[in-house]
Ligand SMILES: Cc1cc2nc3c(=O)[nH]c(=O)nc-3n(C[C@H](O)[C@H](O)[C@H](O)COP(=O)(O)OP(=O)(O)OC[C@H]3O[C@@H](n4cnc5c(N)ncnc54)[C@H](O)[C@@H]3O)c2cc1C
Ligand code: SF4
Ligand code: SF4
């Protein structure tokens, strides 16, 4: 069978985790044997692939997660439709200086996971570690020291759901996962299947990261090489005031984020989710002062996580200007990318009756 591609795969890891014969090549799913239909067209994978755009209506209102579901009438105010359902938005940072300095923003995500493990709230945390050349890989951390191995943002996609599968397989009962919105959506869709065999009730809490876009690893390596940087020499990446900053041992390069456009994954151009709307807690830098992480606390599980880790984080209320900034960024992403969704599918905006449907591209 010819190898087939799914061009809008966001490399969340869900299909390789929960369906044996799905494999990845160059950070994308490939179908090379045994698969009759394929993700986003039909079958089991259709029900949970975050790019099947099937929308989570499988539960018919009986889903225990409706609290965070986009289709829930609870997300009724315009603000909540932009940011998803939430209870509270705060700024937080790790109390421990070392975690704060190592963390991408305030180190709050790492601090919360370390404390949640220490206190037995969770027994495993799926984080993203990196290879020498900054490929993001899922890692099941079971101690605070292991959580620290994942500190900091990797701006390429991480198949984090594979880590969830590994944690379940290794017998952990209270699992946390950190991931971008697409990772979170894949887990929520899997949970909405209510299949006891998948054992997804062992996922206790999902921390979603704010996300504008992720980069193709291969293109990003080449992009940096053209600017005289070997990715293996990079110590840290960050985004600040519209610039993508690359820090190596002996230099710092500030690149306008627009220049990275050719490296952006195709799937991110049709993604509407800036704040990881289906997470229990979402985390990002936008909206908070430098050195702090913004936390959108959405669910009871999210509240519990923040509450058990209070001794590891300092928190303060986010002011209205901060919240408005997050809303603006989330709204802009939805508007920008909604147009791309319609374009890509050739759907006229006057006629939205066509269910979102992507066909597989074959190499034939
Ligand atoms: C691809 C990407 C794009 C982002 N874009 C934005 C943005 O536009 N605006 C914004 O405000 N914030 C964005 N963020 C979030 C931001 O970079 C920080 O992750 C967030 O503010 C938390 O900071 P922290 O100091 O608390 O995190 P830390 O304490 O450093 O913890 C970060 C956690 O995220 C995990 N992680 C890192 N990279 C990945 C990855 N690729 N996939 C899954 N998990 C990962 C780490 O393993 C770690 O557990 C983005 C993050 C990523 C990964
Ligand atoms: S988006 Fe996730 S579930 Fe869908 S094809 Fe890609 S890896 Fe598989
Ligand atoms: S922009 Fe959307 S699809 Fe791309 S990595 Fe972020 S959450 Fe996933």
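Let me see the pair-distance distribution of the stretch 98-157: every alpha carbon pair, 5 Å bin width, integer percents in order.
That works out to 4, 21, 29, 24, 16, 4, 1, in percent per bin.
Return the distance in nm (one decimal) between the two label points of a simple spin-label model at residue 230 and residue 145, each offset 7 Å from Cα along Cα→Cβ.
If labels sit at residue 230 and residue 145, their model points lie 3.0 nm apart.
Considering the Cα trace of the stretch 217-262, what is its radius of gyration and what is Dmax, both in angstroms?
Considering the stretch 217-262 through its Cα atoms, Rg and Dmax are 9.9, 27 Å.
Could you grab the relative contact order for the stretch 217-262? Cα pairs under 8 Å, six or more apart, rounded to a whole percent.
Averaging sequence separation for qualifying contacts and normalising by length gives 25 percent for the stretch 217-262.
Evaluate 2.2 N^0.38 Å with N set to the residue count of the stretch 163-313, then give the Cα radius of gyration divided by it.
Against the compact-globule rule of thumb, the ratio is 1.21.
Quick one: Cα centre-to-centre distance for the stretch 235-280 and the stretch 81-98, in angstrom?
Centre-to-centre (Cα) distance: 20 Å.
Would you mind ranking 190, 329, 253 so that the residue whose beta carbon has the fewest other beta carbons within 10 Å leads the list?
On the way: 190 22, 329 19, 253 15.
By the 10 Å Cβ count, ascending: 253, 329, 190.
Quote to one decimal, in nm, the extra length available between residue 199 and residue 47 on full extension: 0.36 nm per residue of separation minus the C-alpha distance between them.
Details: separation 152, 0.36 × 152 = 54.72 nm, distance 1.63 nm.
This chain segment gains 53.1 nm when fully extended.
Readers should treat all values here as calculations from the given coordinates under stated rules, not as data from a laboratory. Nothing here was measured: the structure is a model prediction, and the numbers come from that model. All Cβ positions, glycine included, derive from the backbone under ideal geometry; neighbour counts span all protein chains shown.
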